[in-house]
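Trainee: Structure in structure tokens, see below.
The values are calculated or read from the model by the stated rules, or taken from the named source; none is laboratory data. All values reported here derive from a predicted model rather than from experimental measurement. Here the Cβ positions follow ideal geometry from the backbone for every residue, glycine too, while neighbour counts run over all protein chains shown. These area figures cover heavy atoms from the full protein model, side chains too; ligands, DNA and RNA do not enter into them. Shrake-Rupley method; radii C 1.70, N 1.55, O 1.52, S 1.80 Å.
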Amino acid sequence: MYAPPKTPSRHRARSEAKTPLTPSILSGMNNVSLGSPTKRASRPAAPSKSKSSSGPFDTTNPFIAPPTQSKSRPSSPVKRLASGGIPNCDSFQRQAGGGVIRKGGVESRLEVVTRDYVPPPKHEVKRSKSTPAVNRLGADKRDRFITTRETSADIAAVSATLEKISLNPQQASPGHTARLAAATGVPMNRRILGYHEQPPTASSSDTTLAQQREFARPLYAQRPGALATSTGASTNKTRKIPTQPERVLDAPGMVDDFYLNLLSWSCQNAVAVALESSTYIWKADTGAVVQLGECPEGSYVSSVDFSGDGAFLGVGNGNGDVELWDVETGQKLRTMSGHQGQIATLSWHQHILSSGCGDGSIWHHDVRIPRHKVMELLGHTGEVCGLKWRADGELLASGGNDNVVNIWDGRLGDVGEGARGSAKWTKRNHTAAVKAIAWCPWQPSLLASGGGTNDATINVWNSTTGARLHTLRTPSQITSIQWAPHRKELLTTHGYPTNSIMVHAYPSMERVAEIRDAHDSRVLFSCVGPAGDVVCTGAGDENLKFWRIWEVPSESAKKKKVMGDDVGGGRTNSTKEGILSIR
């Protein structure tokens with residue numbers, strides 16, 4: 001009889017593989033009860049090795065089923081056990097419960113499913129054609145435009161990357177980007193959408209709001225490099241400037257007026273200060289205080305200034321008189337009248353004493369002759385509050401309440417009572433009164449000027465060419481400027497809201513140091529000692545404070561006397577003796 005070829009073992013189904021008879025299976029075979037051929041034929045047939053259907057039916061082997069014409073897949077032994085053909089013995093039950101089947105002496109653990117998964121019923125949602133498909137089941141609540149929720153760090157990284165992208169039609173997409181820009185008429189690299197409504201334009205007829213904003217703007221100005229403490233100072237690593245004054249003098253009656261100049265320091269180490277109607281001189285060598293004199297009744301002292309040699313003191317009064325005093329003897333030498341307003345500022349050059357008046361005029365007084373007025377300078381429409389001669393006497397700088405800086409040539413014009421002079425340079429860059437005026441001692445062509453509340457700007461000019469070299473915005477009004485004699489630096493004093501002293505490097509104009517709240521009120525006046533290391537400041541809080549800002553170079557210290565010896569043998573500006581009073 002012909003037997004078809006056997007299927008190779010590698011192509012057989014898993015159910016056709018031979019399973020060795022283990023002891024547990026043999027014990028189960030002994031308990032097998034043979035049923036009728038009809039019942040066995042009703043169960044799924046096991047595959048046989050022979051494909052012939054005419055062979056005899058072997059009833060001694062329970063694992064050989066009679067041939068059948070059904071070609072369905074044979075059932076697994078586990079289902080046959082459940083159907084009752086083979087009884088479930090204890091060994092099979094333990095293996096089925098634990099998910100372990102022994103096969104060839106090796107245990108393999110199977111996952112036993114104890115609960116079948118029942119899928120939820122599907123609800124069909126009827127929608128219109130305009131309803132997006134993502135909302136059909138209502139399960140996806142995400143933003144259709146934002147696919148993922150990045151963290152702040154990821155967003156920052158993406159933003160940093162996007163900032164580097166430049167819409168360049170020659171690089172990224174030349175044709176498409178250029179066509180889009182040309183078609184829409186939108187400039188490249190410019191924001192298209194604005195998310196803030198434009199503020200309403202101010203009415204041209206009502207200027208009250210604009211004036212109030214100008215007045216309040218300096219009070220809310222941001223301080224560059226604000227400090228943590230009210231009496232602190234900011235310095236760089238190479239400089240350490242004391243935050244406390246070396247000496248404090250009580251000056252009761254000092255007038256709190258921005259336009260006046262009530263402080264001067266002579267080359268003979270004497271400080272002149274005006275207190276209401278009286279003038280006092282404090283000698284730094286001995287600490288003695290001398291009252292020089294008083295102005296006429298009903299008037300007040302508006303300005304003081306020492307001559308170049310320190311032997312004479314010019315005093316300007318509120319009634320327009322200019323007085324000349326001998327410092328050594330304490331005697332008034334003469335009174336020069338003629339001005340129609342207060343004398344807010346004075347400046348000496350040799351025997352010429354120049355005075356700035358409230359009516360905008362500047363007079364040159366020759367103190368040697370009876371007819372003292374030798375020239376008049378007319379270039380200001382407001383009060384002259386800043387006036388400085390250059391050391392060589394060739395130029396004179398003036399600043400006024402009309403926001404103008406004028407540079408005058410002192411060599412031009414005939415000397416006489418009716419002589420008139422014209423300004424060499426006129427600068428109108430400031431937007432507030434210009435009181436702070438100072439010439440540079442180590443580069444004579446440099447002139448520094450500072451504006452008031454609405455300006456608060458330092459400008460440095462070249463008096464030879466008339467060019468503005470540097471501009472620096474400060475946090476508050478500038479009341480005075482002093483150049484450092486031995487360093488390339490300049491010092492400024494300020495009013496509200498900082499009341500500070502600031503030191504700036506030149507020509508970088510970087511801030512070297514700042515002493516905030518140097519006085520309880522705005523710092524109005526300042527002067528530098530003859531050695532160039534100590535700065536004296538005066539304010540409306542009726543105090544004079546001496547600050548050691550710079551150090552005297554060692555070479556010059558050997559040649560000149562710095563400040564003299566104190567009464568106690570210490571430095572002149574020491575605060576060991578406490579607060580002294582001028583009056």
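Trainee: Give the residues of segment 377-407 that are on the phi < 0 side of the Ramachandran plot, open to solvent by 20 Å² or more (accessible area, probe 1.4 Å) and of a type in the set (S, T, N, Q), sorted by residue number.
Mentor: Thr381, Asn401
Trainee: Open to solvent by 20 Å² or more (accessible area, probe 1.4 Å), outside any strand (DSSP E or B) and at pLDDT 65 or above: is that true of Pro224 in this structure? Before you say what the answer is, go through the steps one by one.
Mentor: Numbers: open to solvent by 20 Å² or more (accessible area, probe 1.4 Å): yes; outside any strand (DSSP E or B): yes; at pLDDT 65 or above: no.
No: the conditions fail for Pro224.
Trainee: Taking segment 501-519 only, how many residues are over 21 Å from Trp439 (Cβ atoms) and either in contact with a helix residue (DSSP H, G or I) (Cβ under 9 Å, 6 or more places away or on another chain) or not in a loop (DSSP other than H, G, I, E, B) (or both)?
Mentor: Looking only at segment 501-519, we keep the residues that are over 21 Å from Trp439 (Cβ atoms), and these are 510-511, 513-519.
With the extra rule that they be either in contact with a helix residue (DSSP H, G or I) (Cβ under 9 Å, 6 or more places away or on another chain) or not in a loop (DSSP other than H, G, I, E, B) (or both), the set shrinks to 511, 513-515.
Summing the residues that are over 21 Å from Trp439 (Cβ atoms) and either in contact with a helix residue (DSSP H, G or I) (Cβ under 9 Å, 6 or more places away or on another chain) or not in a loop (DSSP other than H, G, I, E, B) (or both) in segment 501-519 gives 4.
Trainee: Within segment 520-544, count every residue that is out of contact with any Ser or Thr (no Cβ under 7 Å at 6 or more places or on another chain), in a strand (DSSP E or B) and either among the acidic types (Asp, Glu) or open to solvent by 10 Å² or more (accessible area, probe 1.4 Å) (or both).
Mentor: 2
Trainee: Mind checking whether some residue in segment 502-511 is of a type in the set (Gly, Ala, Ser) and closer than 25 Å to Val248 by Cβ?
Mentor: Taking segment 502-511 and keeping what is of a type in the set (Gly, Ala, Ser), we get 505, 508.
Restricting the remaining residues to those that are closer than 25 Å to Val248 by Cβ gives none.
No, segment 502-511 contains no residue that is of a type in the set (Gly, Ala, Ser) and closer than 25 Å to Val248 by Cβ.
Results for (1) touching a residue at least 12 places away in the same chain (Cβ under 8 Å); (2) among the charged types (D, E, K, R); (3) more than 15 Å from Lys435 (Cα to Cα), shown as yes or no for each residue.
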position	(1), (2), (3)
Ala344	yes, no, no
Glu376	yes, yes, yes
Leu387	yes, no, no
Gly393	yes, no, yes
Gly400	yes, no, no
Val404	yes, no, no
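Trainee: Is there any pair linking a residue in segment 291-317 that is without any contact (Cβ under 8 Å) to a residue 40 or more places away in the chain to one that is buried (at least 24 other Cβ atoms within 10 Å of the Cβ) and assigned to a loop (DSSP other than H, G, I, E, B), with Cβ under 6 Å and at least six apart or on different chains, and which?
Mentor: Listed pairs, sorted by first residue: none to list.
Trainee: Of the residues Gly308, Gly318, Gly287, Gly314, which is open to solvent by 10 Å² or more (accessible area, probe 1.4 Å) and within 19 Å of Gln342 (Cα to Cα)? Steps first, answer last, please.
Mentor: Details: Gly308 fails: within 19 Å of Gln342 (Cα to Cα); Gly287 fails: within 19 Å of Gln342 (Cα to Cα); Gly314 fails: open to solvent by 10 Å² or more (accessible area, probe 1.4 Å).
Checking each option against the conditions leaves just Gly318.
Trainee: When segment 455-470 is examined, which residues are found to be out of contact with any Phe, Trp or Tyr (no Cβ under 8 Å at 6 or more places or on another chain) and in contact (Cβ under 8 Å) with a residue 40 or more places away in the chain?
Mentor: Selection gives Asp455, Ala456, Ile458, Asn459.
Trainee: From the set of residues in segment 241-284 that are touching a Pro at 6+ places or on another chain (Cβ under 8 Å) and open to solvent by 40 Å² or more (accessible area, probe 1.4 Å), which is nearest to Val535 (Cα to Cα)? Reasoning before the result, please.
Mentor: Looking only at segment 241-284, we keep the residues that are touching a Pro at 6+ places or on another chain (Cβ under 8 Å), and these are 265-269, 275.
Checking which are open to solvent by 40 Å² or more (accessible area, probe 1.4 Å) leaves us with 267-268.
On the way: Cys267: 14, Gln268: 15 Å.
By that ranking, first place goes to Cys267.
Trainee: For segment 377-396, how many residues meet the condition of being under 19 Å from Arg428 (Cβ atoms), more than 39 Å from the chain's Cα centre (by Cα) and part of a strand (DSSP E or B)?
Mentor: Total meeting the criteria: 4.
Trainee: Residues being assigned to a strand (DSSP E or B) and either among the charged types (D, E, K, R) or under 46 Å from the mean Cα position of the chain (by Cα) (or both): count how many of those fall in segment 293-313. Break it down into steps so the answer makes sense when it comes.
Mentor: Of segment 293-313, the ones assigned to a strand (DSSP E or B) are 293-294, 301-306, 312-313.
Keeping just the survivors that are either among the charged types (D, E, K, R) or under 46 Å from the mean Cα position of the chain (by Cα) (or both) gives 294, 301-306.
Summing the residues that are assigned to a strand (DSSP E or B) and either among the charged types (D, E, K, R) or under 46 Å from the mean Cα position of the chain (by Cα) (or both) in segment 293-313 gives 7.
Trainee: Further question on the same structure: Answer yes or no: is there a residue in segment 368-376 that is of a type outside the set (D, E, K, R), on the phi > 0 side of the Ramachandran plot and either open to solvent by less than 10 Å² (accessible area, probe 1.4 Å) or outside any loop (DSSP other than H, G, I, E, B) (or both). Steps first, please.
Mentor: Taking segment 368-376 first, the residues of a type outside the set (D, E, K, R) are 369-370, 372, 374-375.
Filter once more, so that each one left must be on the phi > 0 side of the Ramachandran plot: none.
No, segment 368-376 contains no residue that is of a type outside the set (D, E, K, R), on the phi > 0 side of the Ramachandran plot and either open to solvent by less than 10 Å² (accessible area, probe 1.4 Å) or outside any loop (DSSP other than H, G, I, E, B) (or both).
Trainee: Which pairs turn up if I take residues in segment 244-262 that are assigned to a loop (DSSP other than H, G, I, E, B) and look for partners that are of a type in the set (Gly, Ala, Ser) and open to solvent by 20 Å² or more (accessible area, probe 1.4 Å) with beta carbon separation below 7 Å, at least 6 apart in sequence or on another chain?
Mentor: Here the result reads Glu246/Ser574; Met254/Gly540; Asp256/Gly540, each pair linking segment 244-262 to a residue that is of a type in the set (Gly, Ala, Ser) and open to solvent by 20 Å² or more (accessible area, probe 1.4 Å).
Trainee: Also: Output the strands (runs of 3 or more DSSP E) that fall wholly within segment 415-479 and possess 1 or more residues being open to solvent by 10 Å² or more (accessible area, probe 1.4 Å) and out of contact with any helix residue (DSSP H, G or I) (no Cβ under 9 Å at 6 or more places or on another chain), or say none. Give the derivation first.
Mentor: Numbers: elements: 423-427, 434-439, 446-451, 457-462, 468-473.
Of the strands (runs of 3 or more DSSP E) lying wholly inside segment 415-479, those with at least 1 residues that are open to solvent by 10 Å² or more (accessible area, probe 1.4 Å) and out of contact with any helix residue (DSSP H, G or I) (no Cβ under 9 Å at 6 or more places or on another chain) span 423-427, 434-439, 457-462, 468-473.
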